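A.B. asks: After the C-alpha coordinates below, expect a handful of questions from me.
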Amino acid sequence: MTRHRQALRDAFPHTIPVVTAFIFLGAAYGILMRVHGYGLGWTLAFSGLAYGGSGQYLALAFLSAGYEPLTAFLMFLMVNARHLFYGIGMLEAFQGTGKYKPFLIFSLCDETFSLLAHAKPSPGVDRTLFMFYIALINYLAWQAGSVLGSLVGTLINFNVQGLDFVLTALFMVIFLGQWESAPDRRPALIGLGSSLAALLVFGPQTFIIPAMVLIVLGLGLLKNKTDREEAV
Amino acid sequence: MRLGNTDSLIVLILLIIATQISRVLPFLIFRKRTGGEWISFLSKTIPYASMALLLVYCLREVSLLTYPHGLPEGLALLSIFILHKWKKSTLISIAGGSAVYMVLVQMVFV
(Lines give C-alpha, C1' and ligand atoms only; values in the text may rest on other atoms or scores of the structure.)
Protein backbone atom coordinates (compact mmCIF):
# COMPACT_ATOMS: atom_id res chain seq x y z
CA MET A 1 0.00 0.00 0.00
CA THR A 2 1.36 3.44 -0.83
CA ARG A 3 2.14 5.93 1.92
CA HIS A 4 -0.69 8.09 0.62
CA ARG A 5 -3.32 5.39 0.70
CA GLN A 6 -2.14 4.30 4.12
CA ALA A 7 -2.35 7.84 5.48
CA LEU A 8 -5.75 8.42 3.89
CA ARG A 9 -7.15 5.25 5.42
CA ASP A 10 -5.74 6.14 8.81
CA ALA A 11 -7.03 9.70 8.66
CA PHE A 12 -10.56 9.10 7.45
CA PRO A 13 -12.17 7.59 10.58
CA HIS A 14 -11.09 10.63 12.57
CA THR A 15 -12.82 12.95 10.16
CA ILE A 16 -16.23 11.28 10.16
CA PRO A 17 -17.91 13.51 12.75
CA VAL A 18 -16.51 16.60 11.10
CA VAL A 19 -17.49 15.43 7.62
CA THR A 20 -21.08 14.83 8.68
CA ALA A 21 -21.18 18.16 10.48
CA PHE A 22 -19.64 19.95 7.50
CA ILE A 23 -22.02 18.47 5.00
CA PHE A 24 -24.92 19.52 7.18
CA LEU A 25 -23.50 22.96 8.04
CA GLY A 26 -22.24 23.54 4.52
CA ALA A 27 -25.67 22.68 3.16
CA ALA A 28 -27.30 25.08 5.59
CA TYR A 29 -24.88 27.72 4.39
CA GLY A 30 -25.61 26.97 0.74
CA ILE A 31 -29.32 27.26 1.43
CA LEU A 32 -28.92 30.53 3.28
CA MET A 33 -26.81 31.91 0.46
CA ARG A 34 -29.69 31.04 -1.91
CA VAL A 35 -32.13 32.78 0.38
CA HIS A 36 -29.89 35.84 0.23
CA GLY A 37 -29.91 35.68 -3.56
CA TYR A 38 -26.53 34.06 -4.14
CA GLY A 39 -26.11 31.00 -6.31
CA LEU A 40 -23.64 28.16 -6.70
CA GLY A 41 -20.75 30.21 -8.07
CA TRP A 42 -20.71 32.62 -5.18
CA THR A 43 -21.25 29.88 -2.62
CA LEU A 44 -18.30 27.91 -3.97
CA ALA A 45 -16.17 31.05 -4.10
CA PHE A 46 -16.82 31.78 -0.43
CA SER A 47 -16.54 28.20 0.72
CA GLY A 48 -13.55 27.38 -1.46
CA LEU A 49 -11.45 30.51 -1.12
CA ALA A 50 -12.24 31.83 2.34
CA TYR A 51 -13.09 28.46 3.89
CA GLY A 52 -14.20 29.54 7.32
CA GLY A 53 -17.68 28.70 8.59
CA SER A 54 -18.18 31.41 11.16
CA GLY A 55 -16.76 34.09 8.87
CA GLN A 56 -18.91 32.89 6.00
CA TYR A 57 -22.04 32.94 8.12
CA LEU A 58 -21.11 36.36 9.42
CA ALA A 59 -20.59 37.59 5.86
CA LEU A 60 -24.24 36.87 5.10
CA ALA A 61 -25.19 39.84 7.24
CA PHE A 62 -23.10 42.08 5.01
CA LEU A 63 -24.26 40.61 1.72
CA SER A 64 -27.43 42.60 2.04
CA ALA A 65 -28.68 45.95 3.18
CA GLY A 66 -26.13 45.78 6.00
CA TYR A 67 -23.22 46.28 3.58
CA GLU A 68 -20.42 48.28 5.17
CA PRO A 69 -16.90 47.29 4.04
CA LEU A 70 -14.87 48.70 6.91
CA THR A 71 -17.12 47.28 9.61
CA ALA A 72 -17.23 44.01 7.71
CA PHE A 73 -13.45 43.74 7.55
CA LEU A 74 -12.99 44.51 11.24
CA MET A 75 -15.61 41.98 12.22
CA PHE A 76 -14.10 39.36 9.93
CA LEU A 77 -10.72 39.94 11.57
CA MET A 78 -12.23 39.66 15.01
CA VAL A 79 -14.17 36.49 14.40
CA ASN A 80 -11.14 34.94 12.73
CA ALA A 81 -8.66 36.13 15.36
CA ARG A 82 -8.85 32.79 17.13
CA HIS A 83 -6.98 31.29 14.14
CA LEU A 84 -3.92 33.05 15.55
CA PHE A 85 -4.20 30.67 18.48
CA TYR A 86 -4.49 27.69 16.18
CA GLY A 87 -1.39 28.70 14.24
CA ILE A 88 0.55 28.98 17.47
CA GLY A 89 -0.79 25.59 18.45
CA MET A 90 0.42 24.03 15.21
CA LEU A 91 3.84 25.67 14.96
CA GLU A 92 5.68 22.56 16.03
CA ALA A 93 3.35 20.10 14.32
CA PHE A 94 3.66 21.78 10.93
CA GLN A 95 7.43 21.79 10.89
CA GLY A 96 8.86 19.48 8.27
CA THR A 97 5.64 19.25 6.30
CA GLY A 98 7.31 20.60 3.16
CA LYS A 99 5.05 21.16 0.20
CA TYR A 100 1.93 20.36 2.22
CA LYS A 101 2.48 23.26 4.58
CA PRO A 102 0.69 25.95 2.54
CA PHE A 103 -2.50 23.89 2.30
CA LEU A 104 -2.30 22.90 5.95
CA ILE A 105 -2.12 26.56 6.93
CA PHE A 106 -4.77 27.67 4.41
CA SER A 107 -7.27 25.07 5.60
CA LEU A 108 -6.70 25.43 9.35
CA CYS A 109 -10.27 25.97 10.44
CA ASP A 110 -11.74 25.20 13.89
CA GLU A 111 -12.63 21.63 13.21
CA THR A 112 -9.44 20.74 11.37
CA PHE A 113 -7.43 22.31 14.15
CA SER A 114 -9.34 20.38 16.75
CA LEU A 115 -8.63 17.10 14.92
CA LEU A 116 -4.98 17.88 14.26
CA ALA A 117 -4.45 18.80 17.89
CA HIS A 118 -5.90 15.58 19.23
CA ALA A 119 -5.66 12.83 16.60
CA LYS A 120 -2.49 10.80 16.30
CA PRO A 121 -1.47 8.71 13.29
CA SER A 122 -1.12 4.95 13.75
CA PRO A 123 2.44 3.61 13.99
CA GLY A 124 4.17 3.60 10.64
CA VAL A 125 1.83 6.14 9.06
CA ASP A 126 3.41 9.26 7.60
CA ARG A 127 2.53 12.10 10.00
CA THR A 128 2.53 14.83 7.38
CA LEU A 129 0.26 12.90 5.02
CA PHE A 130 -2.01 11.99 7.93
CA MET A 131 -2.50 15.66 8.77
CA PHE A 132 -2.84 16.58 5.09
CA TYR A 133 -5.62 14.09 4.50
CA ILE A 134 -7.51 15.16 7.59
CA ALA A 135 -7.35 18.75 6.35
CA LEU A 136 -8.22 17.78 2.78
CA ILE A 137 -11.17 15.57 3.68
CA ASN A 138 -12.65 18.28 5.89
CA TYR A 139 -12.14 20.88 3.15
CA LEU A 140 -13.82 18.76 0.49
CA ALA A 141 -16.70 17.90 2.81
CA TRP A 142 -17.35 21.60 3.30
CA GLN A 143 -17.37 22.19 -0.46
CA ALA A 144 -19.67 19.22 -0.99
CA GLY A 145 -22.08 20.43 1.67
CA SER A 146 -22.09 23.94 0.24
CA VAL A 147 -22.84 22.66 -3.25
CA LEU A 148 -25.57 20.40 -1.91
CA GLY A 149 -27.22 23.23 -0.03
CA SER A 150 -26.97 25.59 -2.95
CA LEU A 151 -28.64 23.08 -5.28
CA VAL A 152 -31.27 21.97 -2.77
CA GLY A 153 -31.93 25.60 -1.91
CA THR A 154 -33.61 26.18 -5.23
CA LEU A 155 -36.04 23.33 -4.63
CA ILE A 156 -37.15 23.75 -1.09
CA ASN A 157 -39.51 26.36 0.12
CA PHE A 158 -39.64 25.80 3.82
CA ASN A 159 -39.08 28.53 6.35
CA VAL A 160 -35.36 28.64 7.06
CA GLN A 161 -35.58 30.99 9.99
CA GLY A 162 -33.17 29.86 12.68
CA LEU A 163 -31.16 27.60 10.36
CA ASP A 164 -27.95 29.41 11.18
CA PHE A 165 -28.22 27.94 14.67
CA VAL A 166 -26.42 24.90 13.23
CA LEU A 167 -23.11 26.67 13.75
CA THR A 168 -23.85 27.21 17.44
CA ALA A 169 -24.94 23.58 17.65
CA LEU A 170 -21.66 22.40 16.14
CA PHE A 171 -19.58 24.40 18.56
CA MET A 172 -21.68 23.20 21.48
CA VAL A 173 -21.13 19.57 20.46
CA ILE A 174 -17.39 20.09 20.09
CA PHE A 175 -17.31 21.88 23.44
CA LEU A 176 -19.17 19.02 25.13
CA GLY A 177 -16.78 16.47 23.63
CA GLN A 178 -13.78 18.43 24.82
CA TRP A 179 -15.31 18.95 28.26
CA GLU A 180 -15.64 15.20 28.68
CA SER A 181 -12.16 14.32 27.48
CA ALA A 182 -10.08 17.20 28.84
CA PRO A 183 -7.36 16.28 31.36
CA ASP A 184 -7.83 19.67 33.00
CA ARG A 185 -11.07 21.63 32.76
CA ARG A 186 -9.65 24.92 33.92
CA PRO A 187 -8.63 26.18 30.44
CA ALA A 188 -12.21 25.69 29.27
CA LEU A 189 -13.51 27.53 32.34
CA ILE A 190 -11.00 30.32 31.78
CA GLY A 191 -12.26 30.56 28.21
CA LEU A 192 -15.86 30.70 29.33
CA GLY A 193 -15.28 33.22 32.11
CA SER A 194 -13.08 35.51 30.02
CA SER A 195 -15.51 35.50 27.10
CA LEU A 196 -18.55 36.23 29.22
CA ALA A 197 -16.75 38.98 31.11
CA ALA A 198 -15.53 40.58 27.89
CA LEU A 199 -19.01 40.30 26.39
CA LEU A 200 -20.59 42.05 29.35
CA VAL A 201 -18.08 44.88 29.32
CA PHE A 202 -17.53 45.42 25.59
CA GLY A 203 -20.77 44.21 24.02
CA PRO A 204 -21.32 41.78 21.14
CA GLN A 205 -19.55 43.76 18.42
CA THR A 206 -16.13 44.23 19.97
CA PHE A 207 -15.68 41.67 22.71
CA ILE A 208 -13.59 39.07 20.87
CA ILE A 209 -10.17 40.64 21.14
CA PRO A 210 -10.54 41.62 24.81
CA ALA A 211 -11.76 38.06 25.43
CA MET A 212 -8.62 36.68 23.82
CA VAL A 213 -6.44 38.98 25.91
CA LEU A 214 -8.19 37.83 29.08
CA ILE A 215 -7.79 34.20 28.00
CA VAL A 216 -4.06 34.58 27.53
CA LEU A 217 -3.76 36.35 30.89
CA GLY A 218 -5.88 33.69 32.56
CA LEU A 219 -3.85 30.87 31.05
CA GLY A 220 -0.68 32.64 32.15
CA LEU A 221 -1.92 32.71 35.73
CA LEU A 222 -2.88 29.05 35.45
CA LYS A 223 0.58 28.16 34.20
CA ASN A 224 2.18 30.04 37.10
CA LYS A 225 -0.03 28.18 39.52
CA THR A 226 0.65 24.74 38.06
CA ASP A 227 4.39 25.46 37.84
CA ARG A 228 4.41 26.32 41.53
CA GLU A 229 2.33 23.25 42.34
CA GLU A 230 4.76 21.04 40.50
CA ALA A 231 7.78 22.67 42.09
CA VAL A 232 6.56 21.71 45.55
CA MET B 1 -32.17 41.88 -1.55
CA ARG B 2 -28.66 40.93 -2.60
CA LEU B 3 -25.78 43.24 -3.37
CA GLY B 4 -24.41 43.98 -6.81
CA ASN B 5 -21.48 41.92 -8.07
CA THR B 6 -18.79 44.46 -7.23
CA ASP B 7 -19.88 44.91 -3.63
CA SER B 8 -20.32 41.16 -3.20
CA LEU B 9 -16.81 40.63 -4.55
CA ILE B 10 -15.48 43.18 -2.07
CA VAL B 11 -17.08 41.29 0.82
CA LEU B 12 -15.59 38.05 -0.49
CA ILE B 13 -12.09 39.51 -0.84
CA LEU B 14 -12.24 41.10 2.61
CA LEU B 15 -13.28 37.77 4.10
CA ILE B 16 -10.51 35.89 2.30
CA ILE B 17 -7.90 38.38 3.49
CA ALA B 18 -9.16 38.43 7.08
CA THR B 19 -9.37 34.66 7.26
CA GLN B 20 -6.03 33.89 5.70
CA ILE B 21 -4.11 36.61 7.53
CA SER B 22 -5.18 35.09 10.81
CA ARG B 23 -4.05 31.65 9.70
CA VAL B 24 -0.71 32.63 8.17
CA LEU B 25 0.49 35.26 10.65
CA PRO B 26 1.76 32.95 13.44
CA PHE B 27 3.84 31.05 10.90
CA LEU B 28 5.37 34.28 9.61
CA ILE B 29 6.12 35.69 13.04
CA PHE B 30 7.45 32.55 14.67
CA ARG B 31 9.60 31.52 11.72
CA LYS B 32 12.78 30.36 13.35
CA ARG B 33 11.97 29.75 16.95
CA THR B 34 9.83 26.82 17.91
CA GLY B 35 8.42 28.80 20.79
CA GLY B 36 9.49 27.27 24.02
CA GLU B 37 7.61 26.24 27.11
CA TRP B 38 5.03 29.03 27.20
CA ILE B 39 3.96 28.52 23.59
CA SER B 40 3.86 24.79 24.18
CA PHE B 41 1.55 25.33 27.17
CA LEU B 42 -0.64 27.66 25.14
CA SER B 43 -0.92 25.20 22.30
CA LYS B 44 -2.26 22.58 24.71
CA THR B 45 -4.69 24.83 26.53
CA ILE B 46 -5.91 27.25 23.90
CA PRO B 47 -8.07 24.73 22.05
CA TYR B 48 -10.26 24.36 25.12
CA ALA B 49 -10.48 28.06 25.85
CA SER B 50 -11.14 28.84 22.19
CA MET B 51 -14.13 26.56 22.02
CA ALA B 52 -15.71 28.36 24.95
CA LEU B 53 -15.04 31.68 23.25
CA LEU B 54 -16.65 30.49 20.04
CA LEU B 55 -19.74 29.32 21.88
CA VAL B 56 -20.11 32.67 23.60
CA TYR B 57 -19.53 34.34 20.23
CA CYS B 58 -22.41 32.45 18.65
CA LEU B 59 -24.70 33.47 21.50
CA ARG B 60 -23.45 37.02 21.76
CA GLU B 61 -26.66 38.70 20.56
CA VAL B 62 -28.89 36.86 22.99
CA SER B 63 -30.51 39.21 25.46
CA LEU B 64 -31.71 37.80 28.73
CA LEU B 65 -33.65 40.94 29.54
CA THR B 66 -35.77 41.22 26.41
CA TYR B 67 -38.23 38.71 24.99
CA PRO B 68 -37.65 35.80 24.36
CA HIS B 69 -34.97 35.99 27.06
CA GLY B 70 -32.66 33.48 25.44
CA LEU B 71 -35.18 30.67 25.93
CA PRO B 72 -35.00 29.26 22.37
CA GLU B 73 -31.21 29.14 22.60
CA GLY B 74 -31.18 27.79 26.13
CA LEU B 75 -33.72 25.06 25.41
CA ALA B 76 -31.98 24.11 22.15
CA LEU B 77 -28.61 23.87 23.88
CA LEU B 78 -30.18 21.78 26.62
CA SER B 79 -31.63 19.45 23.99
CA ILE B 80 -28.16 19.14 22.45
CA PHE B 81 -26.73 18.24 25.83
CA ILE B 82 -29.38 15.59 26.40
CA LEU B 83 -29.15 14.19 22.85
CA HIS B 84 -25.40 14.02 23.05
CA LYS B 85 -25.41 12.20 26.37
CA TRP B 86 -28.01 9.78 25.04
CA LYS B 87 -26.93 9.06 21.47
CA LYS B 88 -23.34 10.34 21.39
CA SER B 89 -23.68 11.18 17.71
CA THR B 90 -22.39 14.50 16.43
CA LEU B 91 -24.88 14.62 13.60
CA ILE B 92 -27.93 13.74 15.69
CA SER B 93 -26.99 16.30 18.30
CA ILE B 94 -26.43 19.06 15.77
CA ALA B 95 -29.47 18.25 13.63
CA GLY B 96 -31.72 17.66 16.62
CA GLY B 97 -30.65 20.76 18.46
CA SER B 98 -31.02 22.91 15.36
CA ALA B 99 -34.46 21.47 14.69
CA VAL B 100 -35.53 22.27 18.25
CA TYR B 101 -34.29 25.82 17.84
CA MET B 102 -36.01 26.34 14.51
CA VAL B 103 -39.33 25.01 15.79
CA LEU B 104 -39.13 27.22 18.88
CA VAL B 105 -38.21 30.31 16.92
CA GLN B 106 -40.76 29.78 14.17
CA MET B 107 -43.72 28.49 16.15
CA VAL B 108 -43.39 29.01 19.87
CA PHE B 109 -41.55 32.22 20.58
CA VAL B 110 -42.94 34.11 17.65
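A.B. asks: If I compute solvent accessible area with a 1.4 Å probe over the protein chains, what percent of it on chain B is carbon and sulfur?
C.D. replies: 69
A.B. asks: What percentages, rounded to whole numbers, describe P(r) for the range B:53-110 computed over all alpha carbon pairs with 10 Å bin width beginning at zero?
C.D. replies: With a bin width of 10 Å, the distribution comes to 24, 50, 25, 2.
A.B. asks: Check cross-link reach from A:Lys223 to the lysines: straight Cα distance under 26 Å, and skip same-chain residues fewer than eight apart.
C.D. replies: List returned: A:Lys120, B:Lys32, B:Lys44.
A.B. asks: I want to verify the translational diffusion coefficient of chain B in µm²/s; compute it with Stokes-Einstein, Rh as the Kirkwood radius over Cα pairs, at 37 °C and 0.692 mPa s.
C.D. replies: Working: Rh = 18.0 Å.
After rounding, the answer is 183 µm²/s.
A.B. asks: Using unit Cβ charges (K, R positive; D, E negative) and no other charged atoms, how large, in debye to the nearest 20, is the dipole of chain B about its Cα centre?
C.D. replies: Values: 10 positive and 4 negative charges, 107 e Å.
Dipole magnitude for chain B comes out near 520 debye.
A.B. asks: Under the Kirkwood approximation for Rh and a Cα-based Rg, what ratio Rg/Rh is obtained for the protein assembly as shown? Show your work: numbers first, answer last.
C.D. replies: On the way: Rg = 19.8 Å, Rh = 20.7 Å.
Computed over Cα atoms, the ratio is 0.96.
A.B. asks: Also: What is the Cα centroid distance between the range B:42-110 and the range A:4-52, reported in whole angstrom?
C.D. replies: 21
A.B. asks: Residue by residue through A:105-114, how many Cβ atoms from other chains fall within 10 Å of the Cβ on average? Let's see the in-between values first.
C.D. replies: On the way: counts 7, 4, 1, 7, 2, 4, 0, 0, 4, 4.
Average per residue, whole number: 3.
A.B. asks: Can you tell me the relative contact order of the range A:76-232? Whole percent, Cα pairs under 8 Å, sequence separation 6 or more.
C.D. replies: Details: 69 pairs, mean separation 31.4, N = 157.
Reported as a whole number, the value is 20 percent.
A.B. asks: Can you give the Kirkwood hydrodynamic radius for the range A:1-112, in Å, rounded to one decimal and based on Cα pairs?
C.D. replies: Working: mean 1/r = 0.0622 Å⁻¹.
Radius from the Kirkwood sum: 16.1 Å.
A.B. asks: Write down the accessible area per residue of the range A:114-232 in Å², having rolled a 1.4 Å probe over the full set of protein chains.
C.D. replies: On the way: 5710 Å² over 119 residues.
Result: 48 Å² per residue.
A.B. asks: Next up: Given a 1.4 angstrom probe, what's the average accessible area per residue across the range A:7-86, in square angstrom? Provide the component values of the computation, followed by the final result.
C.D. replies: Working: 2600 Å² over 80 residues.
Heavy-atom SASA per residue in the range A:7-86 reads 33 Å².
A.B. asks: Same structure again: Using the Kyte-Doolittle scale, which helices in chain A average at least -1.0 and also have C-alpha atoms spread 30 Å or more along the helix axis, with helices defined as whole DSSP H runs?
C.D. replies: Numbers: long enough: A:3-35 (43 Å, 0.57); A:127-152 (37 Å, 1.20); A:208-231 (34 Å, 0.71).
Once both thresholds are applied, what remains is A:3-35, A:127-152, A:208-231.
A.B. asks: At what distance in nm do the modelled label points of A:Asp184 and A:Gln205 sit from each other, each positioned 7 Å from its Cα along Cα→Cβ?
C.D. replies: Distance between the two pseudo-spin positions: 3.8 nm.
A.B. asks: If you don't mind, there's one more thing I want to ask. Any idea what the dipole of chain A comes to, in debye rounded to 20, about its Cα centre with Lys/Arg Cβ at +1 and Asp/Glu Cβ at -1? Kindly include the intermediate steps, with their values, before the conclusion.
C.D. replies: Values: 14 positive and 12 negative charges, 84 e Å.
For chain A, the charge dipole is close to 400 debye.
A.B. asks: Counting only other chains, what is the mean number of Cβ atoms within 10 angstrom of the Cβ of each residue in peptide A:66-77?
C.D. replies: Values: counts 1, 7, 1, 5, 1, 0, 5, 7, 2, 3, 9, 6.
Mean partner shielding for this stretch: 4.
A.B. asks: For the charge dipole of chain A, defined by +1 on Lys and Arg C-beta atoms and -1 on Asp and Glu C-beta atoms about the Cα centroid, which residue among A:Ala119, A:Ile156, A:Ile208 has the Cα displaced farthest towards the positive pole?
C.D. replies: A:Ala119
A.B. asks: Tell me the label-point distance for the pair B:Phe109, A:Lys225, using the 7 Å Cα-to-Cβ offset, in nm and rounded to one decimal.
C.D. replies: Using points 7 Å along Cα→Cβ, the separation is 3.3 nm.
A.B. asks: In the range A:151-165, which residues become less accessible by 40 Å² or more once every protein chain is in place, relative to the chain on its own, using a 1.4 Å probe?
C.D. replies: Output list: A:Gln161, A:Phe165.
A.B. asks: Rounding to the nearest 20 debye, state how big the charge dipole of the range A:4-106 is about its Cα centre with +1 on each Lys and Arg Cβ and -1 on each Asp and Glu Cβ.
C.D. replies: Values: 6 positive and 3 negative charges, 57 e Å.
Roughly 280 debye for the range A:4-106.
A.B. asks: Nearest 100 Å², what total accessible surface is buried between chain A and chain B (probe 1.4 Å)?
C.D. replies: Details: alone 13430 and 9650 Å², together 15610 Å².
The contact between B and A buries close to 7500 Å².
A.B. asks: Here is a further query. Carbon and sulfur: what percent of the range A:88-132's accessible surface (1.4 Å probe)?
C.D. replies: Values: 1050 of 1780 Å².
Here carbon and sulfur together make up 59 percent of the probe-accessible area.
A.B. asks: As a check on your grasp of the helix formula, calculate [θ] at 222 nm for the protein assembly as shown: sum -39500 (n - 2.57) over DSSP H runs of n ≥ 4, divide by the residue count, round to the nearest 500.
C.D. replies: Details: 15 runs with 248 residues, N = 342.
So the helix-based figure for the protein assembly as shown works out to -24000 deg cm²/dmol.
A.B. asks: Can you list the aspartates and glutamates whose alpha carbon sits under 19 Å from that of B:Lys87, skipping same-chain ones fewer than 8 residues off?
C.D. replies: Partners within reach: A:Glu180.
A.B. asks: With every protein chain kept in the model, how would you rank A:Leu44, A:Leu189 by accessible area, 1.4 Å probe, largest at the top? Intermediate results must be reported in sequence, preceding the final value.
C.D. replies: Values: A:Leu44 70, A:Leu189 90 Å².
Final ranking, largest accessible area leading: A:Leu189, A:Leu44.
A.B. asks: Let me ask something else about it. Among A:Cys109, A:Gly87, A:Gly145, which residue has its Cα furthest toward the positive end of the charge dipole of the range A:80-158, with +1 on Lys/Arg Cβ and -1 on Asp/Glu Cβ?
C.D. replies: A:Gly87
A.B. asks: Follow-up question, since we're still on this one. What does the convex hull of the Cα atoms come to per residue for the range A:134-232, in Å³? Mind showing how you got there, number by number?
C.D. replies: Working: hull volume 15.5 nm³, N = 99.
With only Cα atoms used, the range A:134-232 gives 156 Å³ per residue.
A.B. asks: Whole number in Å², please: accessible area per residue of the range B:64-110, 1.4 Å probe, ligands, DNA and RNA not counted. Before the final figure, lay out the partial values.
C.D. replies: Numbers: 2750 Å² over 47 residues.
On a per-residue basis, 59 Å².
The values are calculated or read from the model by the stated rules, or taken from the named source; none is laboratory data. None of the values given here were measured: they were computed from a predicted structure. Note: ideal-geometry Cβ built from the backbone for every residue, glycine included; neighbour counts use all protein chains shown. Just the protein is used for accessible areas: all its heavy atoms, side chains included, with ligands, DNA and RNA removed. Shrake-Rupley method; radii C 1.70, N 1.55, O 1.52, S 1.80 Å.
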